[in-house]
Each structure stands twice: as structure tokens, then as C-alpha cells.
């Protein structure tokens, strides 16, 4: 089974990917993680990628496709995999489809975690964590039992991510929608596009995803 999960930052792709990995024996493939692993391994692909990144150049689509091609031939991908962060454009989607076709494979589902932008802004901008133990909280949805005191370690120091400000979040959402609109149309034409309510609670989103996938 080959899945593509799409959604803006904060939509829960990472959380849901982990759950699908466990439920179906799949492997989550993040292009960022693969690039770092390839560089660390010292492979030919890794050396090419490192040379490009050291110069500040973007890693070309062809190299990413070659890296995915090599990765999915490893034994842990035998039951399938979940793509995260790639493809982002129609040419990338077409190159991915051609590579998979050469292996007798194809994408089974492209699933978007659909979100409400205003609700996403509230979800993301309200996040904060304990500076000592890292436990996460939210201004509205998950407050400490005692205001200003971490439930887990008792610390009174908290921190927020610098990029969780409203204008930054809205810019990320705008960029996501602009970038993914063409690829959503592409996968709709291919007959593999579905969407689930990414604003639902975590368990409900998982249930929706399993409903789309349709396998026990």
C-alpha cells in the first residue's frame, strides 16, 4: 500500500502517519529525513546531495526520486509506505508516478487532511511547552491543572515557538494552499484523491483515514 498524506503544518500528518504505520505495517518516508540519512551514509546519492546543499542549492527532483526509489527497495518497505513532504508539485507527482510504474507500483491513495484556516491559526498560535520537560500545552484546549505550573515536572518556565505567531502561520497556510491546489487537481484526475476532516479529534481523524484506506 502506498499512501500520500497532505496537509498544512500543524494539521497532524506526523501523528496520523505514526498511527497508520502501526496499523498497517507501513513506513513513513520523509524526504527531509531521507536526505539527512543519505548524507550521513556517505552513499553516492548522499555525496551528490551534500555537495548541492553545501553550496546552498536546492536538491533537484531527479535526485529526490532516485533517493525514494532506493529507499523503497529496502525490506522494511515491503508492506508499503507513506510519503510525507513529497511530491509538492505536479512535475514531481508525474516523476514519482513514472518511477513507481517502472517498479510495477502505483499510488493507492492521496489523502488531504482538510483544515479550517481560522481554526488552525487558533490551534497553532495557542501552543506552548514546558521549557524543562517539553510537555505540550495550549491556551484554550490544554491548560495546566494549576495555572503557570507544569503538570508533569512542576516547572514554572514555558516557551513558545517563534514561528507560531499568527502572521507567520497565515503565511504558511496561504503558501500551502497555493502550492497544493494544482497537485490536488492532479490526483483528483488520477482518481486517488480523498480528504478527511483534519479539524476532528485525533481518534476521529484516524478512523476517517482507515475508512478511506478500507483495509483492516
Considering only residues that are surrounded by fewer than 15 Cβ atoms within 10 Å (Cβ to Cβ) and either free of Cβ contacts under 8 Å to residues at least 24 places away in the same chain or not in a helix (DSSP H, G or I) (or both), which ones fall in the range 73-93?
73, 74, 75, 78, 79
Checking residue 130 against (1) in contact (Cβ under 8 Å) with a residue 24 or more places away in the chain; (2) closer than 30 Å to residue 81 by Cβ, only one condition comes out false. Which one?
(2)
May I ask you to list pairs of residues, at least six apart or on different chains, whose Cβ atoms are under 8 Å apart, with the first in the range 112-123 being more than 28 Å from residue 192 (Cα to Cα) and the second being outside any strand (DSSP E or B)?
121/166; 121/169; 121/170; 121/173; 122/140; 123/10; 123/141
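Of all residues in the range 56-72, count the ones that are assigned to a loop (DSSP other than H, G, I, E, B) and either under 17 Å from residue 27 (Cβ atoms) or in contact (Cβ under 8 Å) with a residue 12 or more places away in the chain (or both).
Adding up the residues that qualify gives 2.
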Looking at (1) closer than 25 Å to residue 174 by Cα; (2) out of contact with any strand residue (DSSP E or B) (no Cβ under 7 Å at 6 or more places or on another chain), find the lone condition where residue 127 falls short.
(2)
Residues of the range 103-116 satisfying the condition of being touching a helix residue (DSSP H, G or I) at 6+ places or on another chain (Cβ under 8 Å) and loosely packed, with under 14 Cβ neighbours inside 10 Å
103, 106
Take the residues of the range 29-55 that are under 21 Å from residue 107 (Cα atoms) and free of Cβ contacts under 8 Å to residues at least 40 places away in the same chain: which is surrounded by the most Cβ atoms within 10 Å (Cβ to Cβ)?
34
List pairs: first residue in the range 195-211 and at pLDDT below 95, second residue surrounded by fewer than 16 Cβ atoms within 10 Å (Cβ to Cβ) and in a loop (DSSP other than H, G, I, E, B) anywhere in the structure, Cβ distance under 7 angstrom, at least six positions apart or on different chains.
199/116
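The values are calculated or read from the model by the stated rules, or taken from the named source; none is laboratory data. Predicted model only: the values in this text are computed from it and were never measured. Cβ atoms come from the backbone with ideal geometry, glycine included; neighbour counts cover every protein chain shown.
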